[in-house]
Amino acid sequence: MKSVYIDSVGSISSQKTFDNSEFLNEITVYNDNVISVIDPVYKDYVAPAAARRMAKGIKMGVVASKIAMNEAGIENVDAIITGTGMGCLVDSEKFVSAIINDKEQYLTPTSFIQSTHNTVAGQIALGIECKGYNFTYVHSSVSFESALLDAKMQLENEEAATILVGGVDELASHTIGIHKLVTHIKQEKVSSTKLLESKTTGAVFSEGANFFVLSNEKKDNCYAELAAIEIYNTLNIENLDNAIIGFLNENNLSVADIDILIQGNNGDVIYDTYYNHLSHDLFSKIPQVYYKHLSGEFNTVSSFGMWLGAKILKTQKVPNEVKLNNIKVETIKTVLLYNQYRGENHSFVLLRKC
Amino acid sequence: MGIISAIGNNVEENYTALIEGKTGISKISKIDTVHKNEIMVGEVSYTNNELENLIGLNSDNNYSRTALLGVIAAKQAIKDANITNIKEYKTGLISATSVGGMDMTEKYYYDYDENEEARRYIDSHHAGDSTQKVAQQLGIEESLVTTISTACSSAANAIMLGARLIKSGRLDRVVVGGADCLSKFTINGFKTLMILSNTYNTPFDENRKGLNLGEAAAFLILESDTIVKAKNKKVYAYVKGYGNANDAFHQTASSEYGDGATLAMEKALSIAGINASDIDYINAHGTATGNNDLSEGRALIRVFGEDMPDFSSTKAYTGHTLAAAGAIEAVYSILALEHNVIYPNLNFKKQMKEFAITPQLKLKSKNLNTVLSNSLGFGGNCSTLIFSKQA
């Protein structure tokens, strides 16, 4: 079985992450309960006319994938695999509201076409004329990890040599409104520097796209090795320790071997208990990092977590702003990511230094 | 295997309708759409209430119709596979949907502000929700559960991933399939694309007028050799080959000569390690749109040449069940293998002028060993599965 490597990254997020020569050099602090992305100049990557026609999710996905492919120095891949919780949500909302408002009359197909979940993967394929395998996973907070797992299996078994994998989700106003109603979005504005002290329910909603070129050949400028992934539809907090120890054992590791734990805390006082449990107990002596104060929460935000892990491993630097504790580490060799959303759809991802 | 569709509420009813040539296409009765007089659909006969009662749900549940259909089909599959303890083996669930909870989204869209009771459906809007409910109803916990949405090839891709997960040893057993209900969203969407027929759909017919939408769910249980041996299980068929490729031509239309479909079939044959001549029956995607049947037909000719195996589309029975179609037709393909029978392609009258291939028009008994099933979707997504009696 071949090993799998992260060759390159492309990130569009609520921080300025689209420039791969930087690594969170300047942090944008937000004071809100819904935050958007810091846009690159899209027309630097796609023709202005095309960019105007594209839904935000497509634009972010296409450009993030271009950034990743440019960095990898490749023009095509063997497969494209994306994860998205909600797809091109703005168009979905546009089409539903038009159906209701105009009583099923005078509709045009554009927003219906774009609302299909696999539009981003299809558009990327169309753009680079990639006739290879093309999958889209749509399973809440493990949409991205499902894509990652699929890619890893293909690369391990040499069914493909390079695969573009990414997670993308966009914000849309109706969804924001109803998620505020049920307090999945925080009622109050929160400073991103104080997210974990908020002690309220809900998260700060956001959007973004994080794409990666994965391959099964180790290259000089490789970011990290993608060592293992595990997905759990349910996981009780009582079983969390066992699950994580079991996962590490399967990879011949113990907790002490982990140099950094990257957690998906989003400031929701109810569901952060999972992360706090690991922070205070099993991983209390391990350096810990969090990121959703920088990126916000969305279904595929764990792809930003992997971007962070990959950057940390490549640069061997941990920006102060993401540190959850002050435990120091000399050489960062092994990084473990843990994420879940509202207590469901948990994932572990293990990265190793190249 | 488990299935619920416009032609039956279980495997037996579906099979009977197929061999009797009975369509499930009718006027729409369960959705109040302004287009009800201009379209025909394949509706599941049960109302949501009846489905909830069958499953035993309380009235305060937040199941979309997609989830209700999915649970019914998945539970049938578990029963059919004689699984009494789902935790005995490492079991995952890969489902597929494109509509997801859209039926409830469009129903309560503007009501959430006022109607607190309706807010429980907010959690069921996302596409993974129906899958999570199926997992919960089957007792699949702490396991790999995910959802694929690649438009009309989704469930074929779920079966493909399931097969690969078992092959790689990550799972011992996996429940694979898909579910989609009818919704105003899809009815109006396909209407704007002008590919809905106002009468019974006619796959591969020269005068085809477009597709009928359908709703359905189907699930299959894939198990590893180890389980089959240990439990001495009856095996319906083997997932012998699979292939996915992208047409990379247009967001919704298929390329003129079916490049993606050709590639998908060639990949599946290569994975199966067999030749095109080994295929005994093709269950075509055959949606009865002008574009699909021409493009797919040409792709079939590219792969099979002069020796075209018997082929038919079953869309005239069920309508196009979108993300579920790949699983529905996997069940039909496997039933064809089991009973050594080829289903007639209904409503065909006139030969298409672009090529000479003609679908099977009468029920045909024939010894079948290997069946190929195509599923083609938006985003250029093309998938092929090959089922065989032999491992």
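The values are calculated or read from the model by the stated rules, or taken from the named source; none is laboratory data. For clarity, every value in this text was computed on a predicted model and none was experimentally measured. Note: ideal-geometry Cβ built from the backbone for every residue, glycine included; neighbour counts use all protein chains shown.
Listed here are the residues, each with its yes/no results for (1) more than 9 Å from chain A (Cβ to nearest Cβ); (2) surrounded by 24 or more Cβ atoms within 10 Å (Cβ to Cβ); (3) in a loop (DSSP other than H, G, I, E, B); (4) out of contact with any Ser or Thr (no Cβ under 6 Å at 6 or more places or on another chain).
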site	(1), (2), (3), (4)
B:THR131	no, yes, no, no
B:THR147	no, yes, no, no
B:GLY169	yes, no, yes, yes
B:LEU220	yes, yes, no, yes
B:ALA230	yes, no, no, yes
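Identify, from the list B:TYR108, B:TYR112, the residue that is within 7 Å of chain A (Cβ to nearest Cβ), free of Cβ contacts under 8 Å to residues at least 40 places away in the same chain and of a type in the set (Ser, Thr, Tyr).
B:TYR112
Take the conditions within 30 Å of B:TYR110 (Cβ to Cβ), within 14 Å of another protein chain (Cβ to nearest Cβ), surrounded by fewer than 21 Cβ atoms within 10 Å (Cβ to Cβ) and of a type in the set (S, T, N, Q) and apply them to A:THR183. Does it pass?
Yes, satisfied.
Would you please name the residue that is nearest to A:GLN340 (Cα to Cα), looking only at residues in the range A:216-233 that are away from chain B (no Cβ under 14 Å) and crowded, with 24+ Cβ neighbours inside 10 Å?
Among them, the one singled out is A:LEU226.
Considering only the range A:79-171, give the strands (runs of 3 or more DSSP E) lying wholly within it that have at least 3 residues that are under 20 Å from the mean Cα position of the chain (by Cα) and facing chain B (nearest Cβ under 7 Å).
Answer list for the range A:79-171: A:133-137.
Filter the range B:219-256 for residues that are of a type in the set (Ser, Thr, Tyr) and more than 20 Å from the chain's Cα centre (by Cα); which is modelled with the lowest pLDDT?
Result: B:SER255.
If you scan the range B:232-257, which residues turn out to be within 10 Å of chain A (Cβ to nearest Cβ) and at positive phi?
Hit for the range B:232-257 is B:ALA248, nothing else.
When the residues of the range B:136-145 are filtered to those that are within 10 Å of B:THR91 (Cα to Cα) and of a type in the set (A, V, I, L, M, F, W, C), which remaining residue is farthest from the other protein chains (Cβ to nearest Cβ)?
The residue in question is B:ILE140.
Given the residues B:LYS315, B:LYS362, B:LYS389, B:LYS349, which is the only one that is in contact with a Phe, Trp or Tyr (Cβ under 9 Å, 6 or more places away or on another chain) and away from chain A (no Cβ under 14 Å)?
It is B:LYS389.
Do you know which residues across the range B:305-331 are surrounded by fewer than 24 Cβ atoms within 10 Å (Cβ to Cβ) and closer than 21 Å to B:LYS389 by Cα?
B:MET308, B:PRO309, B:ASP310
Have a look at B:ILE279, B:ILE301 and point out the one that is touching a residue at least 40 places away in the same chain (Cβ under 8 Å), in contact with a Pro (Cβ under 8 Å, 6 or more places away or on another chain) and over 25 Å from B:THR66 (Cα atoms).
The conditions single out B:ILE279.
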